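Okay, structure first, notes after.
The values are calculated or read from the model by the stated rules, or taken from the named source; none is laboratory data. Bear in mind that the values here come from a model prediction, so they are computed numbers and not experimental data. All Cβ positions, even for glycine, are placed from backbone atoms using ideal geometry, and neighbour counts span all protein chains on display.
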Amino acid sequence: MKEARGIRNNNPMNIRKGCNWKGERPVQTDKAFEEFTSMEYGIRAGFKLMCNHINGFGGKRPKANTIAKLIRVWAPPVENKTDKYIDFVAEHAGIQASDIININDVELMVRIARAMSFFECGVWLDKGLFYSAWLLK
């Protein structure tokens, strides 16, 4: 069985191209999705992008500060099973889809990101990778 694209790219949250991220592979072969030198850098980028969406990019966009809002911008219904994605992440995060996400709650952020990664790639990554990624500057 072929490894999921997000795993091959060290980008388990399947971040699309568009930013210069810390830890990007110097040579990018995937035309649509970012590629990182390590899984931790890919997860770090996922956390950064999650926080930006949750905070509304500093007032430039509406806040996506609930799981329902976050997943709707992360994985729009035109190309995803967004409602299933929302339900899955809320269940594994242990909060309601409409609850406000506290980005200072590391445990919650790890549960959300880990569930998103599983939904994107079909593989449960070790929690330790998420904690290591959270600590990367």
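Can you find, within segment 113-127, the residue that is farthest from Thr66 (Cα to Cα) among those that are touching a residue at least 12 places away in the same chain (Cβ under 8 Å) and among the charged types (D, E, K, R)?
Within segment 113-127, the first condition is being touching a residue at least 12 places away in the same chain (Cβ under 8 Å), and the residues that meet it are 113-123, 125, 127.
Now restrict to residues that are among the charged types (D, E, K, R): 114, 120, 127.
Working: Arg114: 16, Glu120: 18, Lys127: 22 Å.
Residue satisfying both the conditions and the ranking: Lys127.
All but one of (1) in contact with a Leu (Cβ under 9 Å, 6 or more places away or on another chain); (2) surrounded by fewer than 21 Cβ atoms within 10 Å (Cβ to Cβ) hold for Met39; state the number of the condition that does not hold.
Only one criterion in (1) in contact with a Leu (Cβ under 9 Å, 6 or more places away or on another chain); (2) surrounded by fewer than 21 Cβ atoms within 10 Å (Cβ to Cβ) is unmet by Met39, namely (2).
Among Ile71, Ile86, Ile67, Ile95, which is under 19 Å from Phe33 (Cβ atoms), in contact with a helix residue (DSSP H, G or I) (Cβ under 8 Å, 6 or more places away or on another chain), hydrophobic (A, V, I, L, M, F, W, C) and modelled with pLDDT of 95 or more? Lay out the reasoning, then the answer.
Details: Ile86 fails: under 19 Å from Phe33 (Cβ atoms); Ile67 fails: under 19 Å from Phe33 (Cβ atoms); Ile95 fails: under 19 Å from Phe33 (Cβ atoms).
Within the list Ile71, Ile86, Ile67, Ile95, the selection yields Ile71.
Regarding segment 61-71, can at least one residue be identified that is closer than 18 Å to Val123 by Cβ and either of a type in the set (Val, Ile, Thr) or not in a strand (DSSP E or B) (or both)? Outline the logic, then answer.
Restricting attention to segment 61-71, the residues satisfying the condition of being closer than 18 Å to Val123 by Cβ are none.
No, the conditions are met nowhere in segment 61-71.
Could you check segment 24-43 and list, in sequence order, the residues that are aliphatic (A, V, I, L, M) and in a loop (DSSP other than H, G, I, E, B)?
Pass one, segment 24-43, residues aliphatic (A, V, I, L, M): 27, 32, 39, 43.
If the condition is that a residue be aliphatic (A, V, I, L, M) and in a loop (DSSP other than H, G, I, E, B), then Val27, Ala32 are the ones that fit.
Out of the residues in segment 42-80 that are of a type in the set (A, V, I, L, M, F, W, C) and over 11 Å from the mean Cα position of the chain (by Cα), which is surrounded by the fewest Cβ atoms within 10 Å (Cβ to Cβ)?
Val78
Can you list residue pairs whose Cβ atoms sit under 8 Å apart, with the first residue in segment 52-63 being in contact (Cβ under 8 Å) with a residue 12 or more places away in the chain and the second being of a type in the set (Gly, Ala, Ser) and surrounded by 15 or more Cβ atoms within 10 Å (Cβ to Cβ)? Count only pairs 6 or more apart in sequence or on different chains.
Every condition considered, the pairs that remain are His53/Ala64; Ile54/Ala64.
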